[in-house]
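Undergrad: Here it is, the structure in full.
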Amino acid sequence: MQRLNPAVAWLLRSPLSPLLGWGLMLVTVTGRRSGRVYTIPVGYQRDGDAIVVLVSKPSRKQWWRNYRDRRPIDVWLCGRAAHGHAVVVAPGSSAFRAAIERTLRRVPGLGRQFGIAYDRRTGLTSAQLEVVAHAAVVVRIELEAPDADSPAWRAARS
């Protein structure tokens, strides 16, 4: 995927962004210790006014570790730049369960990526939740509204 990231980032910033923008956005992360700035594409879904990113195979990824504590983050969402604050959602919390359940209801086959067979009829079992809690990280991003009437803010929230 790392080889594809520059191409995906270019597409998300281009007039062709609607091709990928339905479920992908860019996050710009500043390393906690290194101060290095990098931008990567991530899948997302909306949760009211917030954005939720489900990080699969988190041991292979570094960016989310910068948000164990609430920190600023920049995103490129729906063709617009936005600023907010991100934090990792605690795996044992109801917010974690809700984010996982919402994602799996939308894309049941994603359960295989976490080693579970998710069934919409029965929902997420406690045993499955425990498996997913070791195989995924949830990052919640709350976007700031510099001007709630601005076109950029309306686009980011729609």
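The values are calculated or read from the model by the stated rules, or taken from the named source; none is laboratory data. Every value quoted in this text rests on a predicted model; they were computed, and no experiment measured them. Don't worry about glycine lacking a Cβ; one is built from the backbone with ideal geometry, like all the others, and counts go over all protein chains shown.
Undergrad: Can you name the residue in region 131-158 that is of a type in the set (D, E, K, R) and modelled with pLDDT of 95 or more and, of all such residues, is surrounded by the fewest Cβ atoms within 10 Å (Cβ to Cβ)?
TA: E142
Undergrad: Which condition breaks for Y38 when tested against (1) surrounded by 13 or more Cβ atoms within 10 Å (Cβ to Cβ); (2) in a loop (DSSP other than H, G, I, E, B); (3) modelled with pLDDT under 90; (4) not polar (S, T, N, Q)?
TA: (2)
Undergrad: I've got another one for you. Quick check on region 38-72: of everything there that is out of contact with any Phe, Trp or Tyr (no Cβ under 9 Å at 6 or more places or on another chain) and among the hydrophobic types (A, V, I, L, M, F, W, C), which residue is nearest to Q113 (Cα to Cα)?
TA: The extreme case among them is W64.
Undergrad: Please go through region 70-105 and pick out each residue that is in contact (Cβ under 8 Å) with a residue 60 or more places away in the chain and in a loop (DSSP other than H, G, I, E, B). Spell out how you get there, then give the answer.
TA: Restricting attention to region 70-105, the residues satisfying the condition of being in contact (Cβ under 8 Å) with a residue 60 or more places away in the chain are 73, 75-84.
Hits for region 70-105 are C78, G79.
Undergrad: Tell me, which residue of region 51-103 that is among the acidic types (D, E) and under 25 Å from A145 (Cβ atoms) is surrounded by the fewest Cβ atoms within 10 Å (Cβ to Cβ)?
TA: Of everything passing the filter in region 51-103, D69 is surrounded by the fewest Cβ atoms within 10 Å (Cβ to Cβ).
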